[in-house]
Amino acid sequence: SSRVEASIGRETRPIADIPYIVLSDSIILYQIVKPPLDVKDFLEWKERMFSQFLTSLESIFQEAFKRNLHLRGGVSYGECYISPESGEDSIKIEHILIGRPFTEAVKMERLQSWMGVAFHPSMSEYLEKSTLKESLIEYKIPLKDNSCTKEFPKYTIAWVDASMETHRKRFDQWQTENPRQEKIKSNTIKYFEEYITRNPPLRHIGSIVLNPDHD
């Protein structure tokens with residue numbers, strides 16, 4: 001298993017009780033949006049489930065930062081297919097992933113230049129109409145130089161709050177090897193300093209790809 005899974009996957013399982021798949025150095029978190037038969041208000045149920053998804057994601061980012069793992073994530077929503085992992089006679093058959101949300105999430109992850117999360121443009125209308133944006137932070141997402149993309153939601157997850165103050169020293173342990181990595185670090189510090197005094201919010205959102213920062 002990868003360094004990502006070994007460092008945060010197993011340890012955060014009680015915190016982030018959502019299914020995930022590890023592919024190389026990436027973690028794919030996903031949530032199945034299939035309401036029980038007795039649900040009366042589907043939209044309310046969907047927002048509650050997605051809110052739990054984001055809260056779990058924030059916990060993962062916090063635990064990763066405490067372990068000097070610097071993740072980026074892209075979030076998308078839509079129909080997809082995930083095959084169960086199986087195998088016979090000691091031959092392991094890996095998961096098969098099919099669907100636009102996966103490629104959209106990967107594209108969003110690769111565009112960014114910080115430790116953080118961005119939402120795909122396909123989620124813009126949904127986020128604007130829902131109450132979920134109240135649990136998010138409106139922020140201009142730092143992008144890599146020469147990144148070309150259409151407009152996407154200016155929201156990110158709220159993984160930085162006053163509870164992270166004692167972990168500020170982790171930035172001193174964040175080693176960089178080139179200007180690109182230094183920019184990623186400085187963009188993360190800027191976000192951290194802006195929201196470190198924020199009180200942890202009270203909470204009542206999809207496919208996401210996470211990647212440890214290598215560049």
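Of Lys34/Lys144; Lys107/Lys190; Lys40/Lys133, which sit over 27 Å apart, Cα to Cα? Going by Cα-Cα distance, Lys34/Lys144 fall outside the 27 Å limit. Ordered by the count of other Cβ atoms within 10 Å of each Cβ, fewest first, Tyr77, Tyr139 give Tyr139, Tyr77. For Asp38 and Gln173 in the same chain, what is the full-extension length gain: residue separation times 0.36 nm, less their Cα-Cα distance, in nm? Length gained, Asp38 through Gln173: 43.6 nm. A simple spin-label model places pseudo-atoms 7 Å from Cα toward Cβ; at Arg180 and Lys133 they are separated by 3.3 nm. Amide hydrogen proximity for Val117: with H placed 1.01 Å from N in the peptide plane, the residues at 5 or more positions away or on another chain lying under 5 Å are Gly73, Ile157.
Quick note: the coordinates plus some simple rules give every number you see, no bench work behind them. Just so we're clear, the structure is a prediction, and the values are computed from it rather than from any experiment. Please note: Cβ atoms are built from the backbone with ideal geometry, for glycine as well, and neighbour counts cover all protein chains shown.
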